[in-house]
């Protein structure tokens with residue numbers, strides 16, 4: 001019989017995501033709650049069942065679990081830098097956000113931790129190119145690791161990555177909206193600009209285009 005598909009060593013029904021920068025591993029989590037949503041669940045219900053993160057190896061079919069499932073612990077989006085995966089683990093039992101360096105079957109190392117009470121869990125995530133732990137809302141970017149810094153943002157800006165003290169941002173632009181009729185006018189336009197800021201919130205450069213990351217890890221302006 002013709003083989004239509006392959007199976008991993010464990011089949012759990014996870015939705016798996018690719019991790020830009022490499023093509024060997026994908027990953028899945030047991031739920032899709034963000035850190036601030038988990039915090040709200042704990043405040044409302046008293047506890048959270050805990051999330052599980054799994055790595056899926058396309059070469060061998062093996063499935064790796066860097067952590068066992070534990071109550072009140074959740075995970076952020078993974079990133080890949082210099083042949084290592086970086087995992088954000090938020091442990092509401094201990095009140096600590098941990099950053100781990102990981103490679104399936106080879107290395108699991110905690111490199112930093114931060115007290116949850118000293119950060120915002122809203123849009124809390126790891127970003128590259130240099131490894132940073134950040135949170136962001138409509139007005140501010142908060143950088144926690146590897147240094148502490150607050151940077152001003154416009155309401156339409158979203159931080160993508162930080163490299164060599166420069167912050168790379170997509171800003172959406174909307175022109176020609178008819179406020180009186182609450183609809184797009186005849187000359188309506190919607191597009192993105194790339195904004196590059198320094199750590200003092202100054203704009204260094206801006207240009208037309210939307211920056212996105214391809215599966216091989218390369219960033220492209222479209």
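What follows is calculated from the coordinates using simple rules that are stated; it is not laboratory data. Since this is a predicted model, take the numbers as computed values, not measurements. In this analysis, Cβ positions are derived from the backbone assuming ideal geometry, glycine residues included, and neighbour counts consider all displayed protein chains.
Helix-only arithmetic for the chain: the sum of -39500 (n - 2.57) across DSSP H runs with n ≥ 4, divided by the residue total, places the mean residue ellipticity at 222 nm at -1500 deg cm²/dmol.
Beta-bridge orientation, the stretch 73-167: approximately 95 percent antiparallel, per DSSP, counting only bridges with both partners inside.
Computed over the stretch 10-117, the Cα gyration tensor eigenvalues convert (square root of 5λ each) into semi-axes of 24, 16, 11 Å, ordered from largest to smallest.
Summary value for the chain: 12 percent relative contact order, contacts being C-alpha pairs under 8 angstrom separated by 6+ residues. Taking the longest Cα principal axis of the chain as reference, the axis of helix 35-45 is set at about 70 degrees.
Counting other Cβ atoms within 10 Å as a rough exposure proxy, the listed residues 218, 29 run 218, 29 from fewest neighbours to most. Applying 0.36 nm per residue to the separation of residue 49 and residue 198 and subtracting their alpha-carbon distance, the gain on full extension is 49.6 nm. Equivalent ellipsoid of the chain: semi-axes from √(5λ) of the C-alpha gyration tensor, largest first, are 32, 23, 19 Å. The distance from the alpha carbon centre of the stretch 16-94 to that of the stretch 159-211 is 30 Å, rounded to a whole number.
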